[in-house]
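Here's the structure we're looking at; comments come further down.
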Amino acid sequence: MKYLLLLCGVIFSISNVTQAAEVIHWGYDKEISPEHWAELDEHYKVCKTGKNQTPINIVNPYKSAIKHNLKIDYKATPHDIVFNGHTVQVNTKKDDHSDFIVVDQQKYYLKQFHFHTPSENQIQGKSFPLELHFVNENAAGELTVLAVMFNIGSMNTEWNKFWADLSFKENDDKNLSRTLNLNNLLPKKLEYYRFSGSLTTPPCSEGVNWIVLKHPLTISQQQLQSFKLLITNQDNHRPIQPLNGRIILED
Ligand SMILES: [Zn+2]
């Protein structure tokens, strides 16, 4: 019996070490906050050295000569919802290609959407209470993030449909029980700003296309509060990054 306990102890500590090596903890507060991301792991270096980082303050955009270059075709319902410790994320089914956007004649398929509070990007210096990121990927693995801003106002009924299935326990993935209409999470007018950027979370990889829709939607104070209560320090946004001569296009 004594031998068995000892053996179990050894196995337990080995698996603990493996876990510690795999998970590099990052966040938005104190010693793991965005200013420290680059120091936390070698793979996060570009969070500091990158020159095309997101979020940005959208100022002095150039009027694009190409009009209406964006088509959004989100028609199927997403599959599951999870609080992953950083945000609330709604995922589409793996390899489901029924939801996509078309930019520059290229199809990008919806992988997931998630939220940041307050907004990460700013429009003319204005921060919004909430920003939604639709993450889309093309066949080559390149990303286009479609961002939607939210002001405080009327309740968002679509939000309630997925929130009802959310488990407040970390990484406790739940299947969605209601049919979502993602068009209700998009403004009617699809005017946008566009720029080249990065992931806003580690490893801050660059080469990400960003499309920020100009017209905000609304969420109620109560809905925003329920999200804030879930996340650490009621804040999961990365601060504004330098433009470094990048051009912002406006549709
Ligand atoms: Zn995001």
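The values are calculated or read from the model by the stated rules, or taken from the named source; none is laboratory data. Remember, it's a predicted structure, so these values are computed and weren't measured experimentally. Cβ placement follows ideal geometry from the backbone for every residue including glycine, while neighbour counts extend to all protein chains displayed. Just so you know, the surface numbers come from the protein's heavy atoms only, side chains and all, with ligands and any DNA or RNA stripped out. Shrake-Rupley method; radii C 1.70, N 1.55, O 1.52, S 1.80 Å.
Values for this structure:
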quantity	calculated
Cα centre as origin, Lys/Arg/Asp/Glu Cβ charges: the chain dipole, Debye	580
Linear extension gain, GLU206 paired with ASP235, 0.36 nm per residue minus alpha-carbon span	8.1 nm
C-alpha long axis of helix 2-22 to longest principal axis of the chain, angle in °	20
DSSP beta bridge pairing in segment 143-230, given as percent antiparallel to the nearest 5	50
For LEU217, residues with placed amide H under 5 Å, excluding near neighbours	MET149, PHE150, ASN151
Sum of -39500 (n - 2.57) over DSSP H runs of 4+, divided by residues of the chain (222 nm, nearest 500)	-5000 deg cm²/dmol
In range of the label at THR179: residues from segment 65-84 whose backbone nitrogen is under 16 Å from the point 7 Å along Cα→Cβ	74-79
LYS93 versus ASN69: modelled label distance in nm, points set 7 Å from Cα along the beta carbon direction	3.4
Two-site label geometry, HIS215 and VAL102: point separation in nm, points 7 Å out along Cα→Cβ	2.1
Positive dipole terminus of segment 28-250, leading residue within HIS116, ALA147, GLY207 (C-beta point charges)	ALA147
Semi-axis lengths (Å, descending) of the ellipsoid that matches the C-alpha gyration tensor of segment 158-213	27, 20, 7
Fluctuation leader among THR218, THR157, THR201 - the chain, Gaussian network, Cα springs under 10 angstrom	THR157
Accessible area of segment 28-250 divided out per residue, in Å², using a probe of 1.4 angstrom	48
Two-decimal ratio, the chain, of alpha-carbon radius of gyration to 2.2 N^0.38 Å	1.10
Contact order relative to length of the chain, as percent, for alpha carbon pairs under 8 angstrom and 6 or more apart	26
From phi via Karplus (6.51, -1.76, 1.60), per-residue ³J(HN,Hα) for segment 212-224 in Hz, x at Gly/Pro	9, 6, 6, 8, x, 9, 10, 9, 7, 4, 5, 5, 5
For THR87, net neighbour charge (Lys/Arg +1, Asp/Glu -1) across residues whose Cβ lies under 13 Å away	-2
5 angstrom amide H check on VAL88, placed H, neighbours 5+ away	PHE115
Considering only the chain, percent of DSSP beta bridges that pair antiparallel, nearest 5	80
In Hz, Karplus ³J(HN,Hα) per residue of segment 177-191 (6.51, -1.76, 1.60; θ = phi - 60°; x = Gly, Pro)	9, 10, 7, 9, 10, 5, 5, 6, 9, 10, x, 5, 8, 9, 5
Candidates GLN89, GLN225, GLN122, ranked by Gaussian network fluctuation over the chain, Cα under 10 Å, top entry	GLN225
Interchain or long-range residues, amide H under 5 Å from ILE123's placed H	ILE58
